Amino acid sequence: MQKSDILKNLQEIAGNERVSASSAELYCYSCDASQVRGMPDFIVRPVSTEQVSKIVRLANEEEIPVTSRGAGTGMAGGAVPLEGGIVLDMSSMNRILEMDLGNLQVTIEPGIIQEKLNEALEPYGFFFPPDPGSSAMCTLGGLIANNGSGMRSVKYGTTKTYVLGLEVVMADGTVVNTGSKVTKSVAGYSLNDLFIGSEGTLGVITKATLKVRALPKERSVLLASFDDPEHAGQAVVKVLSSGLIPSACEILDRNIIEAINTYDPNIGLPKAGAILMFEVDGTENSVREGIEMIRGICSSLATSIRAASDKKERDEIWAARRLVGAAVSRLDPLRTRVYLGEDIGVPIKELPGMLHKIREISEEFDLPIMTYGHIGDGNLHTGMCIDMLDDKQWDKLSKVADKIHRTAIGIGGTVTAEHGVGSARAEYLELELGNALDVMILIKKALDPKGILNPGKMGV
Ligand code: MLT
Ligand code: ZN
């Protein structure tokens, strides 16, 4: 079929106003928050599963790539149409279809923003825990497709913990439903888990039933300062081994503290080599006890410890923490944050060693590395900024990212704990997964024999 005929067909399926092939719009959909770029041929904004199914069926018949996209906040190129074709912008399918709170669950369309779901749940005393830095922008479909997580996963787990069921459009346009409304079922393969984190390479998620949790009554934040990140890492190992599970456990290194204080001088985080931000939630008593326990455990390693004085201060600290990824660019107007090598995960007891190694790599290559992230999950974000127009700096950054990735894999870790593989990290999957990657490739071939779904991603 000619390009003009494909355009006509897409317009017939979704309506003229929901399809575009204008270069200005195509350009807007050629990137996400990473450095990966790829120009689509068509943008379609479907409003129903039926439309998605028809579009994917057409794409399969014509062998046109289909890349589904939420808000484009991804950091690994997952939503970038590397091989052109159709970008399915799912953000118009953004309704909450059912609030079944008696059963602790909601059914949603994939385009709803994470924060909007929580705003709708709050009056009823519930929340959806996965809480990435981009909660105010990212879609739940994107979170499911990437098994996203964020600040609370140390206690509440990642998105997959909350997925009860999915409606998925398969590569040939067939619509399947996986999972169910029950919290336990062993009927068949765990197909939810196949699609969660598959980054749009196995199907297009058009609906999801998600578990929600009751909002905790109390929350309190403790800030512990350390001479260096390694001591902070040791404190985390001690706290987590004590059996206490904080509702958040974040690290900020010296540069990140400066970035936050520059972004919002009112926050005035203590100057230190590193800070751990612990949050404990629960009942009034359990929170008080938890905070005191952490204070006691950290006291031999920390240089100072203080609790956030009130809810206002706590909320300000969290708001600033969410913006850290972008705020680091404020430190030097000539350099830009590049998302490469920024999302490793390591086993908990390897944290002090990994933090030490990051410092060594930074010194070896003479490139500042700003470390922050969900240290309670073993997940470290190693932020780097360069002059994007300088090839030598690009080269240096790629070498640093490569060394960080290989070091993490070498100690039993992962190249991506939450940001996703996309195309930015696909080259490491063989090293990290071994012949499990062959199984992934077999699954991909079985479910998408023509390879139309998000081609060029995840090493499949
Ligand atoms: C975060 O933890 O802030 C997010 O993963 C996003 C980022 O690193 O910028
Ligand atoms: Zn993160």
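The values are calculated or read from the model by the stated rules, or taken from the named source; none is laboratory data. Computed from a predicted model, the values in this text were never measured in an experiment. No Cβ is skipped: glycine too gets one built from the backbone with ideal geometry, and neighbour counts run over all protein chains shown. Areas reflect the complete protein model, heavy atoms only, side chains present, ligands, DNA and RNA absent. Shrake-Rupley method; radii C 1.70, N 1.55, O 1.52, S 1.80 Å.
Structure summary
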read-out: Over 18 Å (Cα to Cα) - which of Lys116/Lys211; Lys8/Lys54; Lys3/Lys444; Lys238/Lys311; Lys181/Lys211 fall in this group; value: Lys3/Lys444; Lys238/Lys311
read-out: Check: region 331-419 dipole with +1 on Lys, Arg Cβ and -1 on Asp, Glu Cβ, in debye; value: 180 debye
read-out: Cα gyration tensor shape for the chain, rounded if a/c is under 1.5, else prolate or oblate; value: prolate
read-out: Set of lysines with alpha-carbon distance to Lys445 below 19 Å, sequence-local pairs under 8 removed; value: Lys457
read-out: For region 303-377, projected area of the alpha-carbon convex hull averaged over all directions, nm²; value: 6.9 nm²
read-out: Charged-residue dipole, Cβ positions (Lys, Arg, Asp, Glu), the chain about Cα centre, Debye nearest 20; value: 680 debye
read-out: Region 287-341: C-alpha gyration tensor shape, a/c 1.5 cut-off, then a/b vs b/c; value: prolate
read-out: For the chain, accessible area per residue (1.4 Å probe, heavy atoms of protein chains only), Å²; value: 42 Å²
read-out: Accessible surface of Lys403 - all protein chains present, 1.4 Å probe, nearest 10 Å²; value: 70 Å²
read-out: For the chain, calculated [θ]222 nm from helices alone, where every DSSP H run of n ≥ 4 adds -39500 (n - 2.57); value: -10500 deg cm²/dmol
read-out: Cα centroid separation, region 124-140 to region 79-118 (Å); value: 12 Å
read-out: Sparse-neighbourhood loop sites, chymotrypsin sites (Phe, Trp or Tyr not before Pro) in region 162-221 - DSSP loop, at most 16 other Cβ within 10 angstrom; value: Tyr189
read-out: For region 167-308, the spread of Cα positions along each principal axis, largest first, Å; value: 59, 35, 27
read-out: Projected label distance in nm at Lys3 and Asn103, using a 7 Å step from Cα toward the beta-carbon; value: 4.7 nm
read-out: Diffusion constant of region 331-419 at 25 °C, which comes from Stokes-Einstein with the Kirkwood Cα-pair radius and 0.890 mPa s, µm²/s; value: 189 µm²/s
read-out: Carbon plus sulfur fraction of accessible area for the chain, probe 1.4 Å, in percent; value: 52 percent
read-out: Pairwise Cα inverse-distance average, inverted: Kirkwood Rh of region 3-90 (Å); value: 12.7 Å
